[in-house]
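Working notes, structure below.
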Protein chains: 2
Amino acid sequence: MTKKKPLILITNDDGITAPGIRKLISVMQKIGDIVVVAPDKPQSGMGHAVTVTSPLMLHPFSSENRHPEYSCTGTSVDCVKMGVKIVLGRKPDLIVSGINHGSNASVNILYSGTMAAALEAAIEDIPAIGFSLNNYSIGASFDGFEKYIEKICLMVLEKGLPPATCLNVNIPDLNGSEIRGIRIVRQGRGFWNEKYDARTDPFKRNYYWLTGFFENVDTDEDTDIWALNNNYIAVVPVHIDMTSYPALRQIEQWGLDNFN
Amino acid sequence: MTKKKPLILITNDDGITAPGIRKLISVMQKIGDIVVVAPDKPQSGMGHAVTVTSPLMLHPFSSENRHPEYSCTGTSVDCVKMGVKIVLGRKPDLIVSGINHGSNASVNILYSGTMAAALEAAIEDIPAIGFSLNNYSIGASFDGFEKYIEKICLMVLEKGLPPATCLNVNIPDLNGSEIRGIRIVRQGRGFWNEKYDARTDPFKRNYYWLTGFFENVDTDEDTDIWALNNNYIAVVPVHIDMTSYPALRQIEQWGLDNFN
């Protein structure tokens, strides 16, 4: 008896032509039947944006592969919704997003279109994984860590994920032999220390470019930032419940409802 | 000795002219010195989008008020960043966002530009509150619940919030006397049951409008959805750490790192 191949939906936020998604497609072809629905242009830094005030289009995307691919005029979240509802017409067995050009460790999960796609899948109770490489360059090398991606996907397909949960996988920018393995870790604390570069346009109006660098304020060894900095692949299980339960208990004591 | 008035930055995602932010401004004027930095156009459903690939502008916004107001060409997250770094040049004592035209209870926090502004403040360790009214109409009434907004803001200014935490406040669409009070609750589970309305454009190309309704899958009384449905104001303390710690312990047992 042959086992049925899993159905895998692939998306990203860098756009359907990005080298990162091309690598992810090549790895996923070994694992299951794949369908690609990805943005027709870069949608990085779009967070969990969803298109509600304008219509969306899907276009068949020519590629050398034999599986179906569609480019979508919307965001990565739109790609997940349209992929499931229009292209597949059913929930796939797995949704993978990426490989993102740039780290989505620490608080970057909140800004990330790559992880928004995975979180959208978690909302819809579909197992999902977002993959990101710690190198922002379009020319980054995506070679050498294929076996880790394959292993993580196979394990998720075998074991499943808890409800409303997906994985945020960040990969150090190293060749395969330098990678020391996989660490299951928590989201490290950090923030972007930003500076706006102020300029003046030809009409004497001020405009601003966002610049800055990421500041890590969490040196613990159980964090994604530590894992990446120490040549490990960082796997953070994330869930969509953002409630702070300790804060809830604390604020209950405030007497917010007391107007006497 | 007179106590120094707190400095409060106000933003939203419906745009600087929306009735919701006008009401929030009128309530905040009683509490502190206020500065408004809000999008120059609606930015709803933009999630935690941040503008990195194009420059941004700030324009002084004429209003009848005596406090400073600026419209920003970016998202609600851009407004927080530019408000703090360019307009104020320092962290305010409080950032408030809203009042959103529409509920941001349950998983809507992930899609919400209103809450993205509050979460951005939490990343930057500034106390913040997002306010939303459970009515999507531009003509919604924002009267009758001012005292609750004032009380919540005064308590946050007095008590502070735990690190990396902000409040998601959702208000039922009722006149003030019908509101039964405030509940401190958790984020309820739910999802959007979506349908794409498929149409054909004049050039015979298909296009799709996103439609759908919210499905509540969580009837517990300790949730924001229950509170709203039962005429209470729902206050959910949310934090930016999305790690699922139970899933972390579980996945550690998978042997993901075992390639033998």
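The values are calculated or read from the model by the stated rules, or taken from the named source; none is laboratory data. Remember, predicted model here, so these are calculated numbers, not experimental data. Cβ atoms come from the backbone with ideal geometry, glycine included; neighbour counts cover every protein chain shown. Just the protein is used for accessible areas: all its heavy atoms, side chains included, with ligands, DNA and RNA removed. Shrake-Rupley method; radii C 1.70, N 1.55, O 1.52, S 1.80 Å.
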- Task: Determine if the range B:224-231 includes at least one residue that is within 11 Å of chain A (Cβ to nearest Cβ) and outside any helix (DSSP H, G or I).
- Result: no
- Going through the range B:127-147 one residue at a time, which ones are crowded, with 23+ Cβ neighbours inside 10 Å, over 18 Å from B:Ser44 (Cβ atoms) and small (Gly, Ala, Ser)? B:Ala128
- Message: Need pairs with beta-carbon distance below 8 Å; first residue more than 7 Å from every other protein chain (Cβ to nearest Cβ) and within the range B:238-249, second crowded, with 18+ Cβ neighbours inside 10 Å and at pLDDT below 95; sequence gap 6+ or separate chains.
- Response: none
- Query: Condition test on A:Asp143, is it more than 11 Å from chain B (Cβ to nearest Cβ), in a loop (DSSP other than H, G, I, E, B) and of a type outside the set (Ser, Thr, Tyr)?
  - Reply: yes
- Message: Looking at A:Leu248, A:Leu228 in this structure, which one is closer than 21 Å to A:Gly102 by Cβ and not small (Gly, Ala, Ser)?
- Response: A:Leu228
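In the set B:Asn104, B:Asn100, which member is surrounded by 24 or more Cβ atoms within 10 Å (Cβ to Cβ) and part of a loop (DSSP other than H, G, I, E, B)?
B:Asn104
One line per residue, one yes/no per condition, for (1) more than 29 Å from B:Arg249 (Cα to Cα); (2) open to solvent by less than 50 Å² (accessible area, probe 1.4 Å):
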residue	(1), (2)
A:Gly176	no, yes
A:Arg183	no, no
A:Asn206	yes, no
A:Asp224	no, yes
A:Leu228	no, yes
A:Val236	no, yes
A:Thr243	no, yes
A:Ile251	no, yes
A:Gly255	yes, yes
- Query: Looking at (1) surrounded by fewer than 20 Cβ atoms within 10 Å (Cβ to Cβ); (2) in contact with a Cys (Cβ under 6 Å, 6 or more places away or on another chain), can you tell me which one B:Pro60 breaks?
  - Reply: (2)
- So which residues in the range A:119-140 are within 12 Å of chain B (Cβ to nearest Cβ), of a type in the set (A, V, I, L, M) and not in a loop (DSSP other than H, G, I, E, B), if there are any at all? A:Leu119, A:Ala121, A:Ala122, A:Ile123, A:Ile129
- Any hit, the range A:45-57, residues being at positive phi and either modelled with pLDDT under 95 or not polar (S, T, N, Q) (or both): yes
- strands (runs of 3 or more DSSP E) fully within the range A:158-218 counting 3 or more residues that are free of Cβ contacts under 8 Å to residues at least 60 places away in the same chain and more than 8 Å from chain B (Cβ to nearest Cβ): A:190-200, A:206-216
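Yes or no, residue by residue, for (1) touching a His at 6+ places or on another chain (Cβ under 8 Å); (2) open to solvent by less than 10 Å² (accessible area, probe 1.4 Å); (3) at positive phi:
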residue	(1), (2), (3)
B:Val80	no, yes, no
B:Gly83	no, yes, no
B:Val87	no, no, no
B:Ile109	no, yes, no
B:Ala117	no, yes, no
B:Glu120	yes, yes, no
- Note on the structure: Considering residues that are in contact with a Gly (Cβ under 9 Å, 6 or more places away or on another chain) and in contact (Cβ under 8 Å) with a residue 12 or more places away in the chain, the number found within the range B:24-57 is 20
- Task: Take A:Gly113 and decide whether it is in contact (Cβ under 8 Å) with a residue 12 or more places away in the chain, within 11 Å of another protein chain (Cβ to nearest Cβ) and open to solvent by 10 Å² or more (accessible area, probe 1.4 Å).
- Result: no
- Item | Checking B:Asp257 against (1) within 11 Å of another protein chain (Cβ to nearest Cβ); (2) part of a helix (DSSP H, G or I), the condition it does not meet | (2)
- Message: For the range A:24-48: of the residues being within 13 Å of the chain's Cα centre (by Cα) and assigned to a loop (DSSP other than H, G, I, E, B), which is surrounded by the fewest Cβ atoms within 10 Å (Cβ to Cβ)?
- Response: A:Gly45
